[in-house]
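Participant: Here it is, the structure in full.
The values are calculated or read from the model by the stated rules, or taken from the named source; none is laboratory data. Since this is a predicted model, take the numbers as computed values, not measurements. In this analysis, Cβ positions are derived from the backbone assuming ideal geometry, glycine residues included, and neighbour counts consider all displayed protein chains. Remember, those area values only see protein heavy atoms, side chains included, never the ligands or the DNA or RNA. Shrake-Rupley method; radii C 1.70, N 1.55, O 1.52, S 1.80 Å.
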Amino acid sequence: MTVGVSAVAAADRIVLLGFTDVVIIPDSESALLFATISAMDELRVISPTREGEGIAIAAGLWTGGRKPLVVLQNTGLMEAGDALRGCGIGPRIPLRLMIGWRGFAGAQAGRVPIDSAYPATEPLLAAWNIPTWHLMSDADLDVVDAMDDEAMRTSLPTAVLTGWAFR
Amino acid sequence: MIERLELLAAAAELRTNEIVVMTMTATLQWPQVSTSPLDFDFLAFGMGHASNFGLGLALAQPDRRTIVWKGDGGLLMSLGSLATLAQHGPENLIVILLENRTYEMTGGQPLPTRVDFEALARAAGVEGGGTGGTGTVERWSTIVEARHGLTRILVEPGPHFVVASVTNSAPLPPVAHSDHAARVTNLRAALGL
């Protein structure tokens, strides 16, 4: 099985699910997704300077009637903790997060030292009670639907973790 | 220097159908001059991010303006938001920085003294920036300037970033810890969502 998700397939699924805006701070792994969605007329792409900003912008978009997706790296998620708490969990704003899992690929390859962001990511999401799915290949794309449905059902943030670079 | 409550009252008088997002001490005084369902208390929603939230709202609601009352301590927590405003700020967004040079909400601790917020906004590209290339940056130091400025920016395309030099001599009411989810639900209902 080919690892990594096709950027085109992911972008198509994002559109199919009715997302209107993608708030993204690209990293090395999501660079191709960023380029793909930036070329699409169906999505508005907003690139803030830090992830906490992005969370707050997405919260404003949703409150105003849009359906944003936030794409960020796990390291940025750690920076954005206060925004996620304040603009997502507390006010029950159903933010959908697509999180690049820095350190995953290296850990799978047995590289040392293990990136400290890798083991902290899932426990951090669990501590916030954020339901999380793994999006590791095109065969997993339905987890984006599951994440979307759960956010709508609970009116709370949900997430998918992407372990490999988009291709 | 402008008496903050006088500035807020002037804005409430001129305001029509705008969404108003406020944070920190403005959340204590804005309710004294306005009870609109389009008012949104951002207190405790994420430190430094009121204008980011307002930017999202303004993009989502292009047919009405969004006004954000923001503190200078909060801006220091999110200086990058100025660059985001310059890049993605829509024409219907107004950010008014209540510059009092202190962390007033936490006891009046001083801010770094040499920061020039107006210059920072200009250097970030807000003037002439935003999605329409119509961004403005200005400073209000008197209530007369503020009244003129408010009248203008409530009709002219932005995004507008204003540094309002304020002081406060009015007693502040205690913080109202209202339900966060209800604040969102109420604003969405007022927007017909």
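Participant: Can you check what the net charge comes to around A:W164, using other residues whose Cβ is under 15 Å from the Cβ of A:W164 (Lys, Arg +1; Asp, Glu -1)?
Facilitator: It works out to a net charge of -2.
Participant: Can you give me the solvent accessible area of A:H134 with a 1.4 Å probe, rounded to the nearest 10 Å²?
Facilitator: Here the accessible area works out near 80 Å².
Participant: If the viscosity is 1.306 mPa s and the temperature 10 °C, what Stokes-Einstein diffusion coefficient in µm²/s follows for segment A:94-140 when Rh is the Kirkwood radius over Cα pairs?
Facilitator: In µm²/s, the coefficient is 133.
Participant: Running a GNM on chain B with Cα contacts under 10 Å, which residue among B:V115, B:V68, B:V95 ends up with the highest mean-square fluctuation?
Facilitator: Maximum fluctuation in the GNM of chain B, among the listed residues, is at B:V115.
Participant: Carbon-plus-sulfur fraction of the accessible area of segment B:26-136, 1.4 Å probe, in percent?
Facilitator: 54
Participant: Here's a follow-up. Using a 1.4 angstrom probe and counting only protein chains, how large is the accessible area of A:I114 in Å², to 10?
Facilitator: 100
Participant: Please compute the average number of Cβ atoms from other chains found within 10 Å of each residue's Cβ in peptide B:78-89.
Facilitator: Average per residue, whole number: 4.
Participant: Still on this structure, please answer the following. Enumerate the residues in segment B:101-144 having an amide nitrogen under 18 Å from the point lying 7 Å beyond the Cα of B:E156 toward its Cβ.
Facilitator: Residues passing the 18 Å test: B:118-119, B:121-123, B:125-144.
Participant: Now for a different question. So how compact is segment B:30-73: Cα radius of gyration and Dmax in angstrom?
Facilitator: When restricted to Cα atoms, segment B:30-73 yields Rg and Dmax of 11.0, 30 Å.
Participant: Okay, next question. Would you mind putting A:154-165, A:86-97 in packing order, based on average other-beta-carbon counts within 10 Å, highest first? If you can, show how the numbers build up before the last one.
Facilitator: Values: A:154-165: 20.9, A:86-97: 23.0.
Ranking the peptides A:154-165, A:86-97 by packing returns A:86-97, A:154-165.
Participant: Something else now. Could you work out how much longer the chain between A:A9 and A:E42 gets when fully extended? Use 0.36 nm per residue separation minus the Cα distance between them, nm to one decimal.
Facilitator: Values: separation 33, 0.36 × 33 = 11.88 nm, distance 1.44 nm.
Computed gain between A:A9 and A:E42 is 10.4 nm.
Participant: Still on this structure: Tally Lys and Arg at +1 and Asp and Glu at -1 over the other residues with C-beta under 9 Å from the C-beta of B:N100: what net charge comes out?
Facilitator: -1
Participant: Which ³J(HN,Hα) values in Hz, rounded to whole numbers, follow from the phi angles of segment B:177-185 under the Karplus curve 6.51 cos²θ - 1.76 cosθ + 1.60, where θ = phi - 60° and Gly and Pro get x?
Facilitator: Those phi angles translate into 8, 6, 5, 5, 5, 5, 4, 5, 4 Hz.
Participant: Taking every residue in A:90-97, how many Cβ atoms of other protein chains lie within 10 Å of its Cβ, on average?
Facilitator: The mean count of partner-chain Cβ atoms within 10 Å per residue comes to 4.
Participant: Given points 7 Å out from each Cα along the Cα-Cβ axis, report the B:L193 to B:T35 separation in nanometres with one decimal.
Facilitator: 2.5
Participant: Same structure, new question: Roughly how far apart, in whole Å, are the Cα centres of segment B:146-188 and segment B:54-121?
Facilitator: Using only Cα atoms, the two centres lie 11 Å from each other.
Participant: Over the alpha carbons of segment A:55-167, what is the largest minus smallest coordinate on each principal axis, giving the biggest first in Å?
Facilitator: So the three principal-axis extents are 44, 30, 21 Å.
Participant: Using 0.36 nm per residue of separation minus the Cα-Cα distance, give me the extension gain between B:V144 and B:A12 in nm, one decimal.
Facilitator: Answer, rounded to one decimal: 46.0 nm.
Participant: Rg(Cα) of the protein assembly as shown divided by 2.2 N^0.38 Å?
Facilitator: For the protein assembly as shown, the normalised Cα radius of gyration is 1.00.
Participant: Ignoring ligands, DNA and RNA, what accessible area per residue does the protein assembly as shown give at 1.4 Å, in Å²?
Facilitator: Values: 14160 Å² over 360 residues.
Here the per-residue accessible area is 39 Å².
Participant: Normalised by the number of residues in chain B, what is the relative contact order in percent for Cα pairs under 8 Å and 6+ residues apart?
Facilitator: Normalised by residue count, the contact order of chain B is 26 percent.
Participant: Quickly work out the A:V143-to-A:A120 label distance, labels modelled 7 Å from Cα along the C-beta direction, and quote it in nm with one decimal.
Facilitator: 2.2
Participant: Counting only residues 5 or more places away or on other chains, whose amide H sits under 5 Å from the amide H of A:L43 once H atoms are built in the peptide plane?
Facilitator: The list, which skips near neighbours in sequence, is empty: none.
Participant: In addition: If you count, for each residue, the other Cβ atoms within 10 Å and average over each peptide, how do B:1-13, B:179-191 line up from highest to lowest?
Facilitator: Packing order, densest peptide first, comes out as B:1-13, B:179-191.
Participant: If each Cα of segment A:105-167 is one equal point scatterer, what is log10 of I(q)/I(0) from the Debye formula at q = 0.11, 0.12, 0.20, 0.24 Å⁻¹?
Facilitator: The computed values of log10 I(q)/I(0) come out as -0.30, -0.36, -0.87, -1.06.
Participant: If we restrict to alpha carbons, what Rg and Dmax does segment B:1-157 come to, in Å?
Facilitator: 14.3, 40
Participant: Another one. Suppose every K and R has +1 on its Cβ and every D and E has -1 on its Cβ; what is the size of the dipole of segment A:9-49 about the Cα centre, in Debye to the nearest 20?
Facilitator: Roughly 40 debye for segment A:9-49.
Participant: Also: First select every other residue whose beta carbon is under 14 angstrom from the beta carbon of B:P31; then total the charges, Lys and Arg +1, Asp and Glu -1.
Facilitator: +1
Participant: I've got another one for you. Quick one: how many Å² of B:V33 are accessible to a 1.4 Å probe, rounded to 10?
Facilitator: About 50 Å², ignoring ligands and nucleic acids.
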